1. Of B:Ser226, B:Ser153, which residue is out of contact with any Pro (no Cβ under 6 Å at 6 or more places or on another chain), at pLDDT 95 or above and farther than 30 Å from A:Leu404 by Cα?
2. So in region A:32-77, with the set limited to residues that are among the hydroxyl-bearing types (Ser, Thr, Tyr) and surrounded by 13 or more Cβ atoms within 10 Å (Cβ to Cβ), which one is nearest to A:Gly17 (Cα to Cα)?
3. Going residue by residue through region B:221-238, is there one that turns out to be within 28 Å of B:Val8 (Cα to Cα), more than 14 Å from every other protein chain (Cβ to nearest Cβ) and among the β-branched types (Val, Ile, Thr)?
4. Just checking: which of the helices (runs of 4 or more DSSP H) contained wholly in region A:161-274 hold 2 or more residues that are within 14 Å of chain B (Cβ to nearest Cβ)?
5. Taking region A:339-379 as the region of interest, how many residues are assigned to a helix (DSSP H, G or I), surrounded by fewer than 16 Cβ atoms within 10 Å (Cβ to Cβ) and under 24 Å from the mean Cα position of the chain (by Cα)?
6. Need the failing condition index for B:Leu30 against (1) at pLDDT 90 or above; (2) buried (at least 21 other Cβ atoms within 10 Å of the Cβ), just the number.
7. Pick out the one residue from B:Arg136, B:Arg212, B:Arg145, B:Arg160 that is on the phi > 0 side of the Ramachandran plot, over 21 Å from the mean Cα position of the chain (by Cα) and without any contact (Cβ under 8 Å) to a residue 24 or more places away in the chain.
8. For region A:101-158, give me the residue count where each residue is part of a loop (DSSP other than H, G, I, E, B), among the β-branched types (Val, Ile, Thr) and without any contact (Cβ under 8 Å) to a residue 60 or more places away in the chain.
Amino acid sequence: MLFHTWEFAVFFAIAFGGHLLLKRTRFMNHWLLACSYVFYGWWNWLFLGLILFTTSIDYAVARGMAGKSLSIRRWLLSISLVTNLGLLGFFKYSKFFAETLNQLVAFTGIHLSVPVPHLLLPVGISFFTFQSLSYTIDVYREWIPAERNFIKFAAFVALFPQLVAGPIVRASHLLPQLASEPRIGKQNILDGIPLFVAGLFKKVALADYLALYVDRVFASPENQGSVALLCAAWAFTFQIYFDFSGYTDMARGVARMMGFDLILNFNNPYAAVSPRDFWQRWHISLSQWFRDYVYVPLGGNRFGKGRAYFNVILTMLLSGLWHGAAWTFLVWGGLHAAARAIQGLCGDAPFFDRIPRIVKQLLMAHFACLCWIFFRAGSVHEATMILQRIFSRIPGQETVPVALVCVMTIAWLWQLASTSRVRSIMEQPWYRGAALGSMVLYLVLFASSTGGQFIYFQF
Amino acid sequence: MNSDLRGVAPGPETRLAKRFSDDYLLFEKLLGSGSANQTVMLGDSVLWGIYADDASTLPAKLNAGSRPVVNLGVDGLHPVAMYTLIVKHGATLRNRRVLLLSNPLWLSGPRHNLGDPQDAAVNHPGLLPPFDLRIRAGGSGWKARIGRWIANSWEFVGLRTHIRRKAYGDSTLSEWTLKHPAENPLSPLLAPLQPWEEPGQRRDLRTWTRRRISLQDWDWQAPARSLQWEYFEKTLSLLQAQGNRVAVLVSPLNVHMMTETTKAKYRELQPQIEARLKARGLPYLLLKDLPSEAYADASHPLPAGYATLAAEILANPAIPLE
């Protein structure tokens, strides 16, 4: 169920009520787990078997690692890796691999094809498998002890505010919170509700608005002029930000009301001054996951610059592939990988320090925007066609909506302001109150009653 | 909203603009804005006059009598919806003269009993009584029912609809900015309210035969088992209870468009309707059939048809318009 629905409102009222009653008892995690499974099963009850299976495997693997030698721990970890990545690969990538293989085989002229499976992708599989994997890897590294209580562990994996679209929370951050009575006071509500409202506003008022224009232009990009395509690319740049960060804000707001803290997942990414900075601001929990569990194990930057670039490129390509089983996501990841590598090569040059911050921010935002075209387009061919049309100055019939441009401009300036000295004004109670009131007023009076699906649910 | 409505009282040829058909808050305000000696006519699109200009509708023609008549017909307003409209928004109608136009087409089939949960294309779903479990059309899940209850209980929902209809018509604010890319989305909010249908709009004045509508076969629902008739009678009771002086007109359906079987059953239906109205002790009039060329479809007359009906009503002392 989506956060911005009546079903969730009723569900949360019941879940929250039960949580308040049980938070001091040993049944708190039982209740949280039951609610989380109801939440997850609402999409499709068949998915419950999957999450229970992976949870059980990882629980047993971690328990088995306790006090064991490195070789045994490694062997057990491989079970967790094979299970989680195997299931992820099966549900998410088997169609992509089969189609790619068939294309390659056809290219060679051999008349052979493998069947292409059409599987229902379990919601949130990319998120909860990564979350659970981070736990088993941390136990393997002996960074954290194995959790003895199955219910608590299962509640950690499935906690409903962050289950289907993150943030991907580390066991070291969440398990201690589940081990003690959460504090739920006035401040939780005062913090949680504005966060939820802000997320709802981002999704319903902004992301879904931008989607109207994006969908229209991307439905037939070959018929659009350069200005419309560029505008749609920018609109998607902000649509995906508002969509994803809006969901995260709602998740964090819900968790905050329940006395839990989920990590910040977006930190004004379009105010980034460089590719590295962008990835420290965009989908922070995923970036950190790939850093800690892919980049660092590959060697990080410990084996020289060349190897470091290779590790960065591979990590970014895998990050792209995580987002979707299609060449467009690989290209998207590859572009960011190339940017990171170039930054690594040239970033220490004095020349870069002399570039004004605002110019760096503009350049990085433009780069991110052009990369998002690959994310949104239906194919690499379509994305390159769109880029070609943007840079060919092709005239078009479509008039770009002024209101849309204003929304995007204000959104970008807001992000810049949030990372500048103006931030202190934006943290004043009167400012936050006015912003909250305006958002509520807009939602009440103008928002469409039918919100769209969240983009990141497809991952 | 109240300042918006200064000076916009209904007149002899005004009718609510179609885009405000579901702006029930506006309807409520307009109900209360007319003068006490006006007769308020309530009904559906037959009253509204979709195939007539402002001066040719039935209420406009009835203004030839001595007592002023105003057209507060609403497109698609079936009896169930009318009941909720009066319950939730009709307080300003108290003690006024009310002339209800009843359209027997709402008894022409079981679909109008609103019991089919697959039937999503219901007029005025927001006015379906949320807790009448017999009504399953237009969204029968708990979410839809609670949504309707909220919409009719909380004025801000009506205000939201009003703002949207006034400024953006059928579009949301977002959709409007895409349809009017160079315009300021705030300017329609600040513009004066124009609640009435714009005069001079072209109407399709073809007869039903020129539209090539075939003969119709209907499964008539007797008043005793018609949900629409049940709510129509509830509306009569409600109006009488709140001090309204009520009279009923039953509009004549296009019998020329019916098969012989359907026409025969329709003729059996008419005395049943008449008996029920008589039992209430209300002034009523079952209007006479019009000639074939006076109809645009199954129930909507053309301007000449409205003129004929108006003459019949004005000549009948049972309906107090003189």
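The values are calculated or read from the model by the stated rules, or taken from the named source; none is laboratory data. Given the structure is predicted, the values throughout are model-derived calculations rather than measurements. Using ideal geometry, Cβ is built from the backbone for each residue, glycine included, and neighbour counts are taken over all protein chains shown.
1. B:Ser226
2. Checked region A:32-77; the qualifying residue nearest to A:Gly17 (Cα to Cα) is A:Ser36.
3. Yes - at least one qualifying residue is present in region B:221-238.
4. Correct list: A:208-219, A:226-257.
5. 3
6. (1)
7. B:Arg212
8. To start, the set of residues in region A:101-158 that are part of a loop (DSSP other than H, G, I, E, B) comprises A:109-124, A:141-149.
Subset that is among the β-branched types (Val, Ile, Thr): A:110, A:114, A:116, A:123, A:144.
Then drop every residue that is not without any contact (Cβ under 8 Å) to a residue 60 or more places away in the chain, which leaves A:110, A:114, A:116, A:144.
Total meeting the criteria: 4.
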